[in-house]
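Visitor: First, the structure itself, so that you have it in front of you.
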Amino acid sequence: MASETVGEIRRGDPAWTASVVLVVIGLVDAIYLSWIKLANATASCGRIGDCEAVNNSRFADVGGVPIALIGSAGFLLILVLLLLDRPGGEPKEAVRFALFGVTLAGTIYSAYLTYIELFVLHAICPFCVLSALVMVGLFVLSLIRLRLWA
């Protein structure tokens, strides 16, 4: 029995591992965008999009707080939740539901911001698209982890 437990810990949870990888990517992306906004610097989008139009729009702040900073806090919260529910331990129902809730809210807000980019600003920021894709991926993985646990 002990060797089975060790095997389970060693194998881990691929959905958890993928979630950690995604949340680190999202956190780095959001921190970069936060730095751009707070330092009043220019984001380097190359020829892919118009980061400046998005970053300088009236939608880039909520109550004076840059959306990228809110995103950084969100990704950090997701990372903390993932660390609280590491593979090998007892699944923590409350933590997994919290992770589901946070990623659902992040996905809905990312969809709204993507709509704003496409249909209001008519400008795309590749860094924002990356953040939205990462959040959707985290949401899907949170669903998988809930289903595997249930």
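Visitor: Within segment 60-73, track down each residue that is part of a helix (DSSP H, G or I) and surrounded by fewer than 21 Cβ atoms within 10 Å (Cβ to Cβ).
Guide: L69, I70, A73
Visitor: Taking the residues in segment 35-59 that are in contact with a helix residue (DSSP H, G or I) (Cβ under 6 Å, 6 or more places away or on another chain) and not in a helix (DSSP H, G or I) as candidates, determine which candidate is surrounded by the fewest Cβ atoms within 10 Å (Cβ to Cβ).
Guide: Ranking the qualifying residues of segment 35-59, first place goes to I48.
Visitor: Could you tell me which of the residues A30, A73, A68, A15 is touching a Gly at 6+ places or on another chain (Cβ under 6 Å), closer than 27 Å to V140 by Cα and small (G, A, S)?
Guide: A30
Visitor: In the set L82, L76, L118, which member is touching a residue at least 12 places away in the same chain (Cβ under 8 Å), part of a helix (DSSP H, G or I), surrounded by fewer than 18 Cβ atoms within 10 Å (Cβ to Cβ) and not charged (D, E, K, R)?
Guide: The unique qualifying residue is L76.
A short reminder: the numbers here are calculations on the coordinates, not readings from a lab. These figures come from a predicted structure and were not determined experimentally. A quick note on method: Cβ atoms are made from the backbone with ideal geometry, for glycine too, and the neighbour counts reach across all protein chains shown.
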